[in-house]
Each structure stands twice: as C-alpha cells, then as structure tokens.
C-alpha cells in the first residue's frame, strides 16, 4: 500500500445479500467517478456462493439465542472468488461493517483511499461467524452508536467518503480539502447569489436577508481570515470535542479560549 498519496483509482468489492440497495452509487459524483474509471464497484451476491438447494446463507447460533448468523464457509467462498479477480500485486483490505467496529471518521477515509482494493462485508441478522472475522477481516468499522438492519447503508457511506479522496472524482479537489473534518474543524458558513434575498417565508411577511458584506469585497485575504474564524466559532459551539485534535496556532488557541469564556458568560446570563 502506498501511504504517500491517494491512489488515482480505487476498486470497491462489496459482499452483500442485497446488491440492489447500492443503486444510489450510480448517481451524481460517484456515478461520474465510475464512468471515468476512477472508481470500480464490484457487487458480490453472497447467496450465489451457497451450495444448498435453497441457497441458505445463515444458520442458528451455537448455544441458542435469537436471530441467525451468516455462515463462514459461504462468506469465505464469496471472498475468495472476489480476491481471485483482483490484481496479484494489490492484496485487498477487508473491512467488516459492524456495530462493534471502531468509529469511522474522516481520517479513516483518507487512510483507506491509499488502498487499491477495498472489500466491504455487509453483515445481516445477528452478524457473521466470528471465525470468518478472525481469519479474513483486517478491520471492523462502525458509522455510529446505533443499530441498522444490515451493513449496506454503512458500506455506502464508506464508499462515498473514501471516493471523495480519490483525485479526479470531484470536479474540484479543493472542495474535498475544505470539507468539514478535513481540517479538524467544522466547515465555515456558505453563501451564494442573490446577495440580498427577499425571503417571503411560509406566510405573508417578507424578510430581507443579506450575505455578509465582506464576502462581496474581493479582499481574499480578509475572506480567508473570516472563514477560518467562522470555522473555529462553529466548531466551538457545535463540536467542541474536535478542538483538542485540531491543528491550531497559538493565536487561535487564545481566541478559542476567549470565545469559550464569552459563551460561558452569555449562557449564565440567560
């Protein structure tokens, strides 16, 4: 794996019982990325690798309990068939989408974009046999502390986030570099035309809403400074937990401290 920069193209293989759920990946930016050859999406129907008459892919858990568990032998056949189609020089990195996994974050999207081939395992029911995880899974990822019916939606989120890191997928690569979390902070507010908007609202009253004058000034240095301050303020108010790991200058650290004190005063007054 080359860790110096994102790959110029990436292959995703997704092992799932519901490949039709991935139709949204044909649309918008990801769809264009696939057409341009930057992204290669391989959907693997797990059930195709079952050998029983009714193509059963799961069984009841040893020791009893509710639900069903995906069988390790079937998953292994599906994975081996997938690996056989990949480049011999590009060993796939296998990810199991699981509530027990580590929390998927922007840094993970950047890291995973270095791989040429990612294999995402979409669990269902009570999960997959732990022996398969021990033998073949490189890491487990979760998208949050909540339970979904399967790993398909989390897998789509990972594909989307990682794909944005691949050069050429976005029309403007600077968009990815300015995204929330990419700099360790939330993004600054955005405005567009009209500069003065007569908002008729949902009733009869009209409100005039103006974009900040500074953004119309053409002073790019001042605009960048405003955007940075807004990102700091927004992060402080909405996600102060991010500030501990954000790369801040000493001046910005002092500013954050002063703003935090001001916010405390305002909250106490209310």
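Bear in mind that the values in this text are calculations on the coordinates, not laboratory data. What you are looking at is a predicted structure, and each value in this text was computed from that prediction instead of being measured. Cβ placement follows ideal geometry from the backbone for every residue including glycine, while neighbour counts extend to all protein chains displayed.
Please label the shape of region 39-166 as rounded, prolate or oblate, based on the square roots a ≥ b ≥ c of the eigenvalues of the alpha-carbon gyration tensor (a/c under 1.5 means rounded; beyond that, a/b larger than b/c means prolate, else oblate).
It is oblate, given that a/c is not under 1.5 and a/b is not larger than b/c.
Using a Förster radius of 30 Å, what is the FRET efficiency between residue 91 and residue 190 based on their Cβ-Cβ separation? Nearest 0.05, please.
Rounded to the nearest 0.05, the efficiency is 0.15.
Can you compute the equivalent ellipsoid semi-axes for region 15-63, i.e. the square root of 5 times each eigenvalue of the Cα gyration tensor, sorted largest first and rounded to whole Å?
That gives 32, 11, 9 Å for the three semi-axes.
Only Cα pairs within less than 10 Å get springs; with that Gaussian network setup on the chain, which residue of 259, 185, 141 has the largest fluctuation?
Sorting by GNM fluctuation, first place goes to 259.
Using only the Cα atoms of the chain, construct the convex hull and provide its projected area averaged over every direction, in square nanometres to one decimal.
Over every viewing direction, the Cα hull of the chain projects on average to 21.6 nm².
How big is the C-alpha Rg of region 1-91 next to the rule-of-thumb value 2.2 N^0.38 Å, as a ratio?
Taking N as the residue count of region 1-91, the ratio is 1.36.
Any chance you could give the angle, 0 to 90 degrees and rounded to 10, that helix 72-84 forms with the longest Cα principal axis of the chain?
That helix lies at roughly 70 degrees to the long axis.
Please report the antiparallel percentage of the DSSP beta bridges confined to region 10-175, to the nearest 5.
Here the share of antiparallel DSSP bridges comes out near 10 percent.
Show me the ranking of peptides 217-228, 108-119, 146-157 by mean Cβ neighbours inside 10 Å, starting with the highest.
By packing density, highest mean first, the sequence is 108-119, 146-157, 217-228.
For the chain, what is the mean residue ellipticity at 222 nm derived from helices alone (per DSSP H run of n ≥ 4: -39500 (n - 2.57); sum divided by total residues; nearest 500 deg cm²/dmol)?
Only helices count here, giving -10500 deg cm²/dmol.
In the P(r) worked out for region 183-269, what percent of Cα pairs fall beyond 22 Å?
44
For region 100-229, what is the convex hull volume of the alpha-carbon atoms per residue, in Å³?
174
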